[in-house]
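The values are calculated or read from the model by the stated rules, or taken from the named source; none is laboratory data. All values derive from a computational prediction rather than experimental measurement. Counting neighbours? That spans all protein chains shown, and the Cβs are built from the backbone with ideal geometry, glycine included.
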Amino acid sequence: MWQKVKNYYHFLQALAAAIYFNFPSKNITVIGVTGTDGKTTTVSMINHILKEAGYKTSMISSVSAIIADRVFDTGLHVTTPGPFAIHRFLKEATRQGNQYFVLEVTSHGLDQNRLGFVKFTVAVLTNISREHLDYHKSLVDYMKAKSKLFQNVSFSVLNLDDQSFNFFKKISTGKKLTYGMGLNADFNPNNFPLNLKIFGNYNLQNALAAGAAATALGISKKDIIKALSTFKNPKGRMQEVNLGQKFKVYIDFAHTPNGLENALKFLHSIRTSKSTRIISVFGSAGERDREKRPRMGKVASKFSDISILTAEDPRSENVNKICLEIAKGFAGKRINKDYFIIDSRQIAIDYAVKIAKKGDIVAFFGKGHEKSMSFKHKELSWDEFKIARSAILKK
């Protein structure tokens, strides 16, 4: 009941914002990107393609809002801002003469009507895996929330390889463009060959999604391929920290079982020898979907040689309790040998770096670009890059 009241409140806010700013999305082409993983990278790719093609663009992602080349902080742990912020950003983009606006869209933002009265032209789906079920209660309800983006659009870009394809194919509107690794997809590695600077099949899929969206907007295949060849990962997305140490260190935002698996598979692909160990440090957010915790543990136990379970925005929950729930996925593995529980994320990072040997790969997951850690509903300053660099320098 309370959630319905809250959603209605956001709807009224969105209406008021749209009226106040004179429905700004009618004067700009808006591209929405949703999905469980890969949204930020795909948004950044589409924005990069449009810029390289000579267009004035703006974008909002979980990292920041870039409006007419000015960077704005969108808030702590918030991907989709509130209705007034969204319409204000759209208005400013139109005032600056921007032609396109690329927007990262969450299931919460759609369900809560934070995106009410925003007219989308192109809707893009990256993938669907279990996430936010503490809020949506079921995978079907989660997909239904996502599906709101695909109503009344001119183009729907869908992932042919994803388990959700048939669901979204039925409910999406406009011309449907598919992408995937197989030849049946409209956009695939065979007919849309890409030379990316960034690695991983998941990023190749993100790039194909971006290519399909850009094609829908009239950008030529040649210009798309050229632009994507110069694209660099957004901050906190499989970003290397290299201070000359004899082992590799990466920071990545992966915080779902699917995202963690994709990231760890990529790290396996870059190992230089069989003796290379993968040391992963991660946690799971407090007061959020608890069922994913042992799933993340299971992924880490399969693809990491050593895992260190630690804090990741525990909020009011006990960190050790969260880690023990993750540890249920390490069936048959030995604590303090195959995996460790260290409540303090800073100490966990220090320890991972301390035990790393020459040639090892150390990866910190779940925080990425974020600048705060949520403890007992307080936001404490946090910089994963600064702490990782400090740990390396100590060693």
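Quick notes on this one:
- Residue identified as assigned to a helix (DSSP H, G or I) and either in the same structural domain as V124 (by TED's automatic domain parsing) or crowded, with 24+ Cβ neighbours inside 10 Å (or both) among A311, A254, A210: A210
- Contact map, region 209-229: first residue farther than 20 Å from G32 by Cβ, second residue crowded, with 20+ Cβ neighbours inside 10 Å and of a type in the set (K, R), Cβ cut-off under 9 Å, separation 6 or more or different chains; the map is empty.
- Spans of strands (runs of 3 or more DSSP E) in region 333-395 with at least 1 residues modelled with pLDDT under 95: 372-375, 378-381
- Those residues of region 346-367 which are touching a helix residue (DSSP H, G or I) at 6+ places or on another chain (Cβ under 9 Å), basic (K, R) and surrounded by fewer than 19 Cβ atoms within 10 Å (Cβ to Cβ), in sequence order: K354
- Restricting attention to region 269-285, the residues that are modelled with pLDDT of 95 or more and either of a type in the set (S, T, Y) or more than 21 Å from the chain's Cα centre (by Cα) (or both) add up to 6.
- Residue pairs meeting the criteria (Cβ under 8 Å; at least 6 apart or on separate chains; first in the same structural domain as L243 (by TED's automatic domain parsing), in region 347-361; second among the β-branched types (V, I, T) and at pLDDT below 95): G359/T272; I361/I270
- For region 292-345, filtering for residues that are acidic (D, E) and touching a helix residue (DSSP H, G or I) at 6+ places or on another chain (Cβ under 6 Å) leaves 2.
- Selection status of K197, assigned to a helix (DSSP H, G or I) and among the charged types (D, E, K, R): no
- T272 being β-branched (V, I, T) and within 26 Å of M45 (Cβ to Cβ): no
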